[in-house]
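First the structure, which I've put down as structure tokens, then a few questions once you've had a look.
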Amino acid sequence: MQSPDVFIIGGGPAGLAAAIAVRQRGFEVALADGSRPPIDKACGEGLMPDACVALATLGISIPPGESHPFRGINFVSNGLSVDASFPEGVGVGIRRTALHCLLIARAEAVGVSMLWQTPITGLHPEGVCIGRQVVRARWVIGADGRNSLVRRWAGLERGRQRRRFAFRQHFRASPWNDCMEVHWGPKSQIYVTPVGEREICIAVASRKPHMRLNEALEAFPEIASRLRGTACSSTERGAISSTFELRHVHRGHVALIGDAAGSVDCITGEGLGLAFRQADLLGDCLRQGDLARYQRQHAALARRPTLMSRLLLALDASSALRRRAMCAFENEPELFRRVVAMHVGSLSSFDCAANALVLGWRMLKA
């Protein structure tokens with residue numbers, strides 16, 4: 001094949017977003033993946049408003065017929081319920097496969113060369129190896145997920161990892177809430193996301209590797225009651241949700257993006273949005289020939305999702321802490337509204353710090 005400027009390894013949402021962003025800057029781009037599209041993965045399937053804005057930057061709008069909007073987030077725990085709308089825009093629930101098809105269509109439209117069912121067998125000082133063939137490229141981008149081979153080949157070791165386990169299934173039911181719901185239980189959370197006029201996505205995340213959706217639902221009788229008698233519209237799929245950070249996300253002419261470059265727990269709902277923002281940043285940095293800038297600003301992009309991940313996982317780990325937080329939110333709804341605003345990047349760093357201090361004080365008083 002003809003030598004591209006940029007070769008991207010991994011054809012999931014992060015790799016496709018990177019391919020689109022880089023191609024929009026005028027580079028010749030090739031992308032390879034060993035799978036056949038569309039590629040599915042167990043996830044909550046809710047895109048926050050900032051993720052939708054990042055998608056629009058890539059030239060992608062989500063058709064209403066293939067998705068369903070939600071106005072905000074609803075926390076439910078031990079009989080308490082609080083919700084808040086997003087400060088700007090709406091979130092969108094969309095099937096992972098439908099999103100993948102939209103990204104593929106956009107990549108094809110801008111002229112990305114895509115090689116499906118084409119495993120990459122190694123890196124080369126001048127590009128990548130496909131079997132015994134060397135494809136030359138000025139830059140190589142690793143977008144091959146949590147267990148990235150590119151990361152290993154480039155010597156960019158993974159740091160300490162915290163793992164949880166998630167399962168997802170779809171049901172033929174009309175959405176009963178105009179928010180994405182997060183239900184907190186003693187050993188797991190359940191996420192309810194509308195993905196269509198008559199379809200919802202139910203996802204469960206826990207620290208127990210063998211906890212499946214049916215077992216988890218025993219602790220959530222309200223959801224189980226709503227699902228009783230409804231038909232499943234997909235098979236149950238599982239995935240590992242991990243949190244880890246890397247010291248370095250590039251070496252030489254190789255850079256990482258998406259879960260290959262570090263990840264936040266699915267509890268934040270920020271994995272895809274973060275990858276889309278990284279893609280736009282990476283496109284700018286390659287245009288300037290400055291991957292050192294990508295290293296610096298990649299860490300800045302991850303700061304807010306990492307903070308939210310730590311906060312939410314602390315609530316997951318301690319029922320007493322979660323009860324105090326929910327009481328504080330119920331007594332002062334404005335506090336939860338600001339947490340949601342912080343979650344989607346609508347607060348400045350100073351406001352985020354101030355909000356965290358106020359939340360801590362209200363929890364002590366709750």
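What's the number of the condition Glu66 fails, among (1) among the charged types (D, E, K, R); (2) out of contact with any helix residue (DSSP H, G or I) (no Cβ under 9 Å at 6 or more places or on another chain); (3) over 20 Å from Ala18 (Cβ atoms)?
Of everything listed in (1) among the charged types (D, E, K, R); (2) out of contact with any helix residue (DSSP H, G or I) (no Cβ under 9 Å at 6 or more places or on another chain); (3) over 20 Å from Ala18 (Cβ atoms), Glu66 misses just condition (2).
Then there is this: Just to be sure I understand the filter: pairs with C-beta atoms under 6 Å, separated by 6 or more residues or on different chains, first member in the stretch 89-108 and surrounded by 20 or more Cβ atoms within 10 Å (Cβ to Cβ), second member assigned to a helix (DSSP H, G or I) and aliphatic (A, V, I, L, M). Which pairs pass?
Leu103/Leu16; Arg106/Ile20; Ala107/Leu16; Ala107/Ala19; Ala107/Ile20
Go through the stretch 102-118 and give me each residue that's more than 17 Å from the chain's Cα centre (by Cα) and not polar (S, T, N, Q).
If the condition is that a residue be more than 17 Å from the chain's Cα centre (by Cα) and not polar (S, T, N, Q), then Ile104, Ala105, Arg106, Ala107, Glu108, Ala109, Val110, Gly111, Val112, Met114, Leu115, Trp116 are the ones that fit.
Go through (1) crowded, with 16+ Cβ neighbours inside 10 Å; (2) in a helix (DSSP H, G or I); (3) among the aliphatic types (A, V, I, L, M) one by one and return the number of the condition Leu246 breaks.
If we test Leu246 against (1) crowded, with 16+ Cβ neighbours inside 10 Å; (2) in a helix (DSSP H, G or I); (3) among the aliphatic types (A, V, I, L, M), just (2) comes out false.
While we're on this one: Show me the strands (runs of 3 or more DSSP E) found entirely inside the stretch 81-170 where at least 1 residues are closer than 18 Å to Leu256 by Cβ.
Per the criteria, 122-124, 127-130, 139-142.
Still on this model: Please go through the stretch 319-337 and give me each residue that is out of contact with any helix residue (DSSP H, G or I) (no Cβ under 9 Å at 6 or more places or on another chain) and polar (S, T, N, Q), ordered by number.
Passing the criteria: only Ser319.
Filter the stretch 37-80 for residues that are closer than 16 Å to Val195 by Cβ and part of a loop (DSSP other than H, G, I, E, B) and give the result.
The answer is Pro38, Asp40, Lys41, Ala42, Cys43, Gly44, Glu45, Met48, Ile62, Pro63, Ser67, Arg71.
Identify, please: which residue in the stretch 320-349 is among the hydrophobic types (A, V, I, L, M, F, W, C) and not in a helix (DSSP H, G or I) and is, among those, modelled with the highest pLDDT?
Checking each candidate, the answer is Val344.
Please list, ordered by first then second residue, the pairs with beta carbon atoms under 6 Å, 6 or more apart or interchain, first in the stretch 46-63 and in contact (Cβ under 8 Å) with a residue 12 or more places away in the chain and within 19 Å of Ile20 (Cα to Cα), second surrounded by 22 or more Cβ atoms within 10 Å (Cβ to Cβ) and among the basic types (Lys, Arg).
Here the result reads Ala54/Arg277, each pair linking the stretch 46-63 to a residue that is surrounded by 22 or more Cβ atoms within 10 Å (Cβ to Cβ) and among the basic types (Lys, Arg).
Would a scan of the stretch 152-160 turn up a residue that is over 20 Å from the mean Cα position of the chain (by Cα), over 30 Å from Val90 (Cβ atoms) and acidic (Asp, Glu)?
So in the stretch 152-160, the residues over 20 Å from the mean Cα position of the chain (by Cα) come out as 152-157.
Right, trim to over 30 Å from Val90 (Cβ atoms) and you get 152-157.
Okay, now just the ones that are also acidic (Asp, Glu), so 157.
Scanning the stretch 152-160 turns up at least one residue that is over 20 Å from the mean Cα position of the chain (by Cα), over 30 Å from Val90 (Cβ atoms) and acidic (Asp, Glu).
The values are calculated or read from the model by the stated rules, or taken from the named source; none is laboratory data. What you see is a predicted model, and the numbers here were worked out from it, not measured in a lab. All Cβ positions, glycine included, derive from the backbone under ideal geometry; neighbour counts span all protein chains shown.
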